[in-house]
Amino acid sequence: MDLINFEATELRLGLPGSSTDEPEIKSTTSPVNTNKRSSPEMDSNVSDENGSSRSPPPTKAQVVGWPPVRSYRKNILQGRKSDQPEMGSGMYVKVSMDGAPYLRKVDLKVYKSYGELLKGLQEMFKCIIGLYSEREGYKSEHAPTYEDKDGDWMLLGDVPWEMFITSCKRLRIMKSCEVIES
Amino acid sequence: MSLAGLARDAGDAGDYFIPYPDQVLENVLENVLVFLKSRRDRNAVSLVCKSWYRAEAYTRSEVFIGNCYAVAPRRVTKRFARVRSVTVKGKPRFADFSLLPQDWGAHFTPWVAVMATAYRALEKIHLKRMSVTDDDLAVVAHSFPNFKELVLVCCEGFGTGGLAVVVSECRHLRVLELIEDEVFDDEVDWISCFPSDGPSNLESLSFDCVESPINFESLEKLVARSPLLKKLRLNRHVSVQLLYRLLIRAPQLTHLGTGSFSPLEESNNENTRETDYVSAFAACRSIVGLSGFREIAPEYLPAIIPVCANLTSLNLSYANIDAEQLKPVIRHCHKLQVFWVLDSICDEGLQAVAATCKDLRELRVFPIDGAENAEGPVSEVGLLAISLGCRKLQSILYFCQQMTNAAVVAMSKNCPDLVVFRLCIIGRYRPDHVTGEPMDEGFGAIVKNCKKLTRLAVSGLLTDMAFSYIGQYGKLVRTLSVAFAGDSDIGLKYVLEGCTNLQKLEIRDSPFGDSALRSGLHHFSNMRFVWMSSCQVTQEGCLDVARQLPRLVVEVFRRDEEEGGQRGDFVDTLYMYRSLDGPRADAPLFVKIL
């Protein structure tokens, strides 16, 4: 059972998607094809500090990189069906831009706000992307949209950031002129 | 200065034209050296004298770079001018197990940039554990008009978009092998990008690691117009029905990666199913290597029986099958030399292997479940059986939960040809589960009895005694992997002082510190690299090494990319290697070079 999943079932007050102050478990595994069973990093200090490096560590915890089986192999055996890692070390969504030949992937967890995300996307696709505003209309040629959990395509910026990152399945940067208000 | 120029000058002076004696010698030498392939021999030749150095450099057509940071690309292209094949290895092996941070380095970009102008006649690129971008692949496609072979092993950073550029523009491409790479799914239909005019030169196409679906119709057409195709390794998106369609088009194959080896859900025709596949395999008279079986439906496995008698290599390491499913197949594999399998076959399955595969040279048994349980499907029973049945064994990688010294000792005596012995007891610090003793004696016997041993990986409960044996007897050992083992600095000292041929040392989570590190000062410059993570070396100890060995690049970092490299009192990860060109310029912020 994936230890990281406990968070999702926790009862909490607050908006879905809002996080409490979680202990910083920095991810160490590679972002793209992550081992679904990637474990929280076990502090190897636990065995070192005591001076007795031979005391067997708690059996429930998993050690990073042990046994030495390539994470690629681990993933395959666990019957990982989708090629998108879901939990733990990243929240990757595909990003397509109208007119660009290649898709990219972004890790939404890396960004803390729409502003940061847009900046990242701009660097990635080398273009200017602006949020739509009721008053001013489109500030640029490109408009960022996303597909949410229900399959609807929405404009970026409508919902609070925390809610957005949990519901966003995929991003698409459209030409502003092609966006149709629904 | 050309010979023609020399002749002119000499002629003008009214003298005979006598080329410099060196020049004659060099010409002769060049014609001889062209036949010399071995790297070691060539290195020896280059040391004889300057003229031999030049001749050797001029005739070396295959360059091997064991560590991309050991030498700058320009130094290589300056010395070796007429290169047709380049092999470059990047990240240390522990990167495979998430012990190296993502952005550590090993970029192919500076290499390809330099080679693009220096090696216009380049035909082959072979990379292992390098970071390769789509742009790099584009440079390859555009820079080498004669490009023929691209082999990428354990690489990352590129996607199907990059592949599309390579296959569409490298008109002479014969070999494209993607082995255990991480390939971005850019949703580009790269298989359709192979030129479709006329027959293709394709001899080998491996994409079993590519996770994205492929355009099967294009693949089928490609196979149909590739009469020279010998090796085809499909990814898991090719079902067994689609495999059938390819098999009947390519009966000349010698190596096949079968894809998922399970049917698409909608299928169902009990009657024709087995017969068709069996005869399709039967028609492939040349198959000697089988792999794939990514999502195997075990009832299809018997279809491969017609080719078993000729198989020299069988990779079932993604196939979750048990002993009963293996036996009907393995009992035909008399010629098998290389066998990779999951421990789901249990000791019983290994016994079946031992009974038939008398010619086995290489065995790898991977774990289905990496958790540290008490029980495991394979044990000393399987190891013993293999040692008794497969006397010609040269290489073994064996994952198990528990082991006994007796079985390891038996293997050391029954399989004297062992060159590679890698035993991974998943339960850390586990002693011999029958006697309760450390595994020292078992590994001791291996280094003592297997006189050809060059690669060793140890595990289980090990005291400094084990390392004393390794240092004493492991004189040919070049690669040593240690994890969760040893008592004190003495253990590592034994190794560094005793293993005179040690090239690659990788250690994790073992109580070796500065004093042990210092005992290797005389040898580090002869090694490719040393890796020590979660051990007890300090910043000062590493600094000391860096100061005393200026030709060594000493990197210190934390796995979680926090700056500074320390975890408490000790260095988190130490990675050091010799380099002709000093510390690298592309080290990320979290890497400290001392």
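The values are calculated or read from the model by the stated rules, or taken from the named source; none is laboratory data. Just so you know, these numbers come straight off a predicted model, no measurement behind them. Reconstructed Cβ throughout: ideal geometry from the backbone, glycine too, with neighbour counts over all protein chains shown.
So is residue B:533 surrounded by fewer than 21 Cβ atoms within 10 Å (Cβ to Cβ), within 23 Å of residue B:471 (Cβ to Cβ), at pLDDT 95 or above and out of contact with any His (no Cβ under 8 Å at 6 or more places or on another chain) or not?
So residue B:533 does not fit the description; no.
Could you say which residue among B:525, B:519, B:533 is under 27 Å from residue A:64 (Cα atoms), of a type in the set (Gly, Ala, Ser) and in contact (Cβ under 8 Å) with a residue 24 or more places away in the chain? Walk me through how you get there before you give the answer.
Details: B:525 fails: under 27 Å from residue A:64 (Cα atoms); B:519 fails: under 27 Å from residue A:64 (Cα atoms).
Only one candidate qualifies: B:533.
Considering B:44, B:55, B:118, which residue is among the small types (Gly, Ala, Ser), closer than 18 Å to residue B:580 by Cβ and either within 14 Å of chain A (Cβ to nearest Cβ) or out of contact with any strand residue (DSSP E or B) (no Cβ under 6 Å at 6 or more places or on another chain) (or both)?
Sole residue among the options that is among the small types (Gly, Ala, Ser), closer than 18 Å to residue B:580 by Cβ and either within 14 Å of chain A (Cβ to nearest Cβ) or out of contact with any strand residue (DSSP E or B) (no Cβ under 6 Å at 6 or more places or on another chain) (or both): B:118.
Starting from the range B:546-566, keep only residues that are under 13 Å from residue B:104 (Cα atoms), then list their pairs with residues that are of a type in the set (Asp, Glu) and at pLDDT below 85 whose Cβ atoms are within a distance under 8 Å, requiring at least 6 positions of separation or different chains.
B:559/A:41; B:560/A:41
I need the full set of residues from the range B:547-572 which are away from every other protein chain (no Cβ under 11 Å), of a type outside the set (A, V, I, L, M, F, W, C) and surrounded by 19 or more Cβ atoms within 10 Å (Cβ to Cβ), in order please.
Across the range B:547-572, the qualifying residues are B:555, B:565.
On the basis of being under 24 Å from the mean Cα position of the chain (by Cα) and within 14 Å of another protein chain (Cβ to nearest Cβ), does residue B:315 make the cut?
When the stated conditions are applied, residue B:315 passes them.
Across the range A:60-115, which residue is surrounded by the fewest Cβ atoms within 10 Å (Cβ to Cβ) among those that are of a type in the set (Asp, Glu) and modelled with pLDDT under 75?
Only one residue fits best here, namely A:86.
Any idea how many residues of the range B:394-424 are charged (D, E, K, R) and buried (at least 18 other Cβ atoms within 10 Å of the Cβ)?
1
Does residue B:390 fit the bill of being more than 23 Å from residue B:436 (Cβ to Cβ) and out of contact with any strand residue (DSSP E or B) (no Cβ under 8 Å at 6 or more places or on another chain)?
Here the answer is no, as residue B:390 does not meet what is asked.
Residues in the range B:471-483: is at least one aromatic (Phe, Trp, Tyr), in contact with a helix residue (DSSP H, G or I) (Cβ under 6 Å, 6 or more places away or on another chain) and under 29 Å from residue A:64 (Cβ atoms)?
No, because not a single residue in the range B:471-483 is aromatic (Phe, Trp, Tyr), in contact with a helix residue (DSSP H, G or I) (Cβ under 6 Å, 6 or more places away or on another chain) and under 29 Å from residue A:64 (Cβ atoms).
For residue B:143, indicate whether it is touching a Ser or Thr at 6+ places or on another chain (Cβ under 9 Å), hydroxyl-bearing (Ser, Thr, Tyr) and over 28 Å from residue A:96 (Cβ atoms).
yes
Conditions tested, residue by residue: (1) aromatic (Phe, Trp, Tyr); (2) away from chain A (no Cβ under 14 Å); (3) on the phi > 0 side of the Ramachandran plot; (4) under 26 Å from the mean Cα position of the chain (by Cα).
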| residue | (1), (2), (3), (4) |
| --- | --- |
| B:165 | no, no, no, yes |
| B:171 | no, yes, no, no |
| B:179 | no, no, no, yes |
| B:182 | no, no, no, yes |
| B:186 | no, no, no, no |
| B:202 | no, yes, no, yes |
| B:205 | no, yes, no, yes |
| B:209 | no, no, no, yes |
| B:212 | no, no, no, yes |
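I'd like the full set of residues that are crowded, with 20+ Cβ neighbours inside 10 Å, within 14 Å of chain A (Cβ to nearest Cβ) and in a strand (DSSP E or B), limited to the range B:323-348.
The answer is B:341, B:342.
Report whether or not residue B:152 is free of Cβ contacts under 8 Å to residues at least 40 places away in the same chain, farther than 16 Å from residue B:235 by Cβ and crowded, with 22+ Cβ neighbours inside 10 Å.
no
Looking at the range B:360-387, which of its residues are within 13 Å of chain A (Cβ to nearest Cβ), in contact with a strand residue (DSSP E or B) (Cβ under 7 Å, 6 or more places away or on another chain) and of a type in the set (D, E, K, R)?
Matches in the range B:360-387: B:364 only.
I need a count of the residues in the range B:515-543 that are within 14 Å of chain A (Cβ to nearest Cβ) and either within 25 Å of the chain's Cα centre (by Cα) or not hydrophobic (A, V, I, L, M, F, W, C) (or both).
So in the range B:515-543, the residues within 14 Å of chain A (Cβ to nearest Cβ) come out as B:516, B:531-538.
The next check asks that each one be either within 25 Å of the chain's Cα centre (by Cα) or not hydrophobic (A, V, I, L, M, F, W, C) (or both); those that pass are B:531-534, B:536, B:538.
The total comes to 6.
Residue B:512 - would you say it is of a type in the set (Phe, Trp, Tyr) and within 12 Å of another protein chain (Cβ to nearest Cβ)?
On the way: of a type in the set (Phe, Trp, Tyr): yes; within 12 Å of another protein chain (Cβ to nearest Cβ): yes.
Against the criterion (of a type in the set (Phe, Trp, Tyr) and within 12 Å of another protein chain (Cβ to nearest Cβ)), residue B:512 qualifies.
Of everything in the range B:303-322, what is among the hydroxyl-bearing types (Ser, Thr, Tyr) and part of a loop (DSSP other than H, G, I, E, B)? Give them in sequence order.
B:312, B:317, B:318
Within the range B:438-445, is even one residue more than 26 Å from residue B:550 (Cα to Cα), among the acidic types (Asp, Glu), over 22 Å from the mean Cα position of the chain (by Cα) and within 14 Å of another protein chain (Cβ to nearest Cβ)?
yes
If you take the residues of the range B:217-250 that are more than 20 Å from residue B:175 (Cβ to Cβ) and within 29 Å of the chain's Cα centre (by Cα), which of them is nearest to the other protein chains (Cβ to nearest Cβ)?
That would be B:236.
Just wondering, is there one or more residues in the range B:80-91 that are in contact with a helix residue (DSSP H, G or I) (Cβ under 6 Å, 6 or more places away or on another chain), at pLDDT below 95 and not assigned by TED's automatic domain parsing to the domain that holds residue B:43?
Within the range B:80-91, one or more residues are in contact with a helix residue (DSSP H, G or I) (Cβ under 6 Å, 6 or more places away or on another chain), at pLDDT below 95 and not assigned by TED's automatic domain parsing to the domain that holds residue B:43.
Which of the residues belonging to the range B:173-186 are without any contact (Cβ under 8 Å) to a residue 40 or more places away in the chain and more than 25 Å from residue A:72 (Cα to Cα)?
Across the range B:173-186, the qualifying residue is only B:173.
Can you name the residue in the range B:485-501 that is over 12 Å from residue B:464 (Cα atoms) and in contact with a Ser or Thr (Cβ under 7 Å, 6 or more places away or on another chain) and, of all such residues, is nearest to the other protein chains (Cβ to nearest Cβ)?
That would be B:496.
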